[in-house]
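Structure first, commentary second.
The values are calculated or read from the model by the stated rules, or taken from the named source; none is laboratory data. Keep in mind the model is a prediction, meaning the values are calculated, not measured. Note: ideal-geometry Cβ built from the backbone for every residue, glycine included; neighbour counts use all protein chains shown. All accessible areas refer to the heavy atoms of the entire protein, side chains included, with ligands and DNA or RNA removed. Shrake-Rupley method; radii C 1.70, N 1.55, O 1.52, S 1.80 Å.
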Amino acid sequence: MSTRPLQGLRVIDAATLAAGPLVATALGEFGADVIKVEQPGTGDPLRTWGARRGDIGLVWKSVSRNKKCVTTDLRTHEGRALLHGLLETSDVLVINTRPSTLARWGLDYQALHARYPRLVMLHVTGFGAGGPASDRPGFGTLAEAMSGFAYVTGQADGPPTLPPFMLADGVAAQSATYAVMMALYHRDVHGAGGQLVDVSLIEPLARLVEQATLAYDQLGQIQGRTGNRADASAPRNAYRTADDRWLAISSASSSVAARLYRAIGRHDLADRPEYVDPIPRQARADEIDGIVSAWIRAHPLDDAMKIFHDEDVTAAPIYDAQQLLADEHLRARGTFVPIADPDVGTMTVQAPVARLSETPGCVEHLGRALGADNETVYRDLLRIDADRLAELRAAGTI
């Protein structure tokens, strides 16, 4: 592909683990030249996070797609000098180091903005700047707890429930990606300089569960846990089928609720406002859920889904990973793509999520070995010769 929308943009990904690197991943999918900067010897902890094939982290392989991998020890003056050399020709810096450490290294926003006035600096931290917790370490688990997400997730008689995947990091990354693009738009379209993009892990997720704080602010109510149900929709749940599979139903609108009743043979309910209109049927959620659950429990998944499809009911099977990869609609869309890789042979990863009709994103390669691009990047961008690179390597700087 000759042209992608972010071609010509250079991004330095000096962050670790998930949120910051995911922003750089998204930018790299659409053409940005992303240089991943890691600590010599250890690298980003994401390299060994989660499922591994041998000693190769599978999440690392996907998150570090399309990135050039270099090493530099930012704890040293020479290591920071290499970073400064990269920033001379870069548009975006993504970093998640504690504010006090950045200040000690001279890499805080004020110092960098004075030196590189067009640079957009994304600082992703657990708590964000400006408060008493700003310098505390924080991972996604803390954000999932403090945002209110865990409190409202789980069964009514069970404990608050944390997600088994990097939810807070992923949500923060999406917020941060569009914020970086807004900062670049402001710089390039309005002739402004760069700016700091400050994103915490807590606030993007709290924004998604804002119903809880709105209800408390205006009604004095504390939202509790409702399992798979939702206050705004009945029936809405995960239902076990006759063949011990599962499906999910959402019926937020009146028309969908009526179609569901007809699909399960309860035409008598389809025209009754107390069972169709959203607010009164919420009061009958237990009764309605029991009716729907009993019908689904008597039908195998494929039979139930055929009836629901025929009646235009908003239902879907609950997939495991194997079933997700095999779904005919997602296969037709090319949602998952096989990518050749020197370490694992071929690995199937998810393609870029957003589909641009004229300038689509792509996966050129998966995550590379630690320092794999040291020679190319430092030679081509910083004009460092082989002898100097050997010295830096011997000193442990790269």
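Structure above, values below:
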quantity	calculated
Of Gln110, Ser251, Leu370, farthest towards positive along the dipole that unit charges on Lys, Arg, Asp, Glu beta carbons give the chain	Gln110
Sequence-distant lysines (8 or more away, or on other chains) whose Cα lies within less than 16 Å of Lys36	Lys61, Lys67, Lys68
Geometric extent, Cα atoms of the stretch 316-366 - Rg, Dmax (angstrom)	12.6, 37
1.4 Å probe accessible area per residue over the stretch 114-162, in Å²	53 Å²
Value of Rg/Rh across the stretch 246-317 [Cα atoms, Kirkwood radius]	0.93
Accessible-area ranking of Trp246, Trp105, largest first, probe 1.4 Å	Trp246, Trp105
Accessible area in the full protein assembly, largest first, 1.4 Å probe, for Ile279, Ile56	Ile279, Ile56
Unit charges at the beta carbon, dipole of the chain: most positive-side option, Ala270, Ile95, Leu381	Leu381
Semi-axes of the equivalent ellipsoid for the stretch 168-294, Cα gyration tensor, largest first, Å	42, 17, 16
Within the chain: Cβ-based charge dipole about Cα centre, in debye rounded to nearest 20 (Lys, Arg +1; Asp, Glu -1)	520 debye
Heavy-atom accessible surface of the stretch 246-317: percent carbon and sulfur, 1.4 Å	53 percent
Cα gyration tensor category, rounded, prolate or oblate, for the stretch 6-107 with a/c compared to 1.5	oblate
Theoretical gain in end-to-end length, Met182 to Val349 [0.36 nm per residue, Cα-Cα removed]	57.3 nm
Using a Förster distance of 25 Å, the FRET efficiency for Ala316-Ala270 (Cβ separation, nearest 0.05)	0.70
Carbon/sulfur fraction of accessible area - the stretch 86-160, other protein chains in place, 1.4 Å, %	57 percent
The chain, relative contact order in percent, only Cα pairs under 8 angstrom and at least six apart counted	18 percent
Normalised contact order of the stretch 265-344, rounded percent, pairs of Cα under 8 Å and 6 or more residues apart	10 percent
Prolate/oblate/rounded label for the stretch 195-248 (Cα gyration tensor, a/c 1.5)	oblate
With all protein chains modelled, accessible area of His267 [1.4 Å, Å²]	110 Å²
For the stretch 364-369, 3J(HN,Hα) per residue [Karplus equation, 6.51 cos²θ - 1.76 cosθ + 1.60, θ = phi - 60°, Hz, x = Gly/Pro]	7, 7, 8, x, 9, 5
With DNA, RNA and ligands ignored, accessible area of Thr48 (1.4 Å probe; Å², nearest 10)	80 Å²
Dipole moment magnitude, nearest 20 debye, the stretch 246-317 about Cα centre, only Lys, Arg, Asp, Glu C-beta charged	40 debye
For the stretch 144-218: rounded, prolate or oblate by the Cα gyration tensor [a/c cutoff 1.5]	prolate
Heavy-atom accessible area ranking, 1.4 Å probe, most first, across Arg136, Arg284	Arg136, Arg284
Sequence-distant residues sharing a close amide H with Thr153 (under 5 Å, placed H)	Thr161
Karplus 3J(HN,Hα) series, Hz, for the stretch 61-77 with 6.51 cos²θ - 1.76 cosθ + 1.60 (x for Gly, Pro)	4, 7, 5, 9, 3, 6, 9, 8, 10, 10, 10, 7, 8, 5, 6, 10, 4
DSSP beta bridge pairing in the chain, given as percent antiparallel to the nearest 5	45 percent
Length-normalised contact order for the stretch 250-307 - Cα pairs under 8 Å, 6+ apart - percent	25 percent
The stretch 81-143-the stretch 23-50 distance, computed between alpha-carbon centres (Å)	16 Å
Centroid-to-centroid separation of the stretch 319-398 and the stretch 230-250 [C-alpha atoms, Å]	38 Å
Simple label model, 7 Å out from Cα along Cβ direction - Thr89 to Leu325, nm	3.9 nm
Calculated [θ] (222 nm, deg cm²/dmol) that DSSP helices of n ≥ 4 give over the chain, each run adding -39,500 (n - 2.57)	-12000 deg cm²/dmol
Full-stretch length increase - Cys362, Arg383 - with 0.36 nm per residue and alpha-carbon distance subtracted	4.6 nm
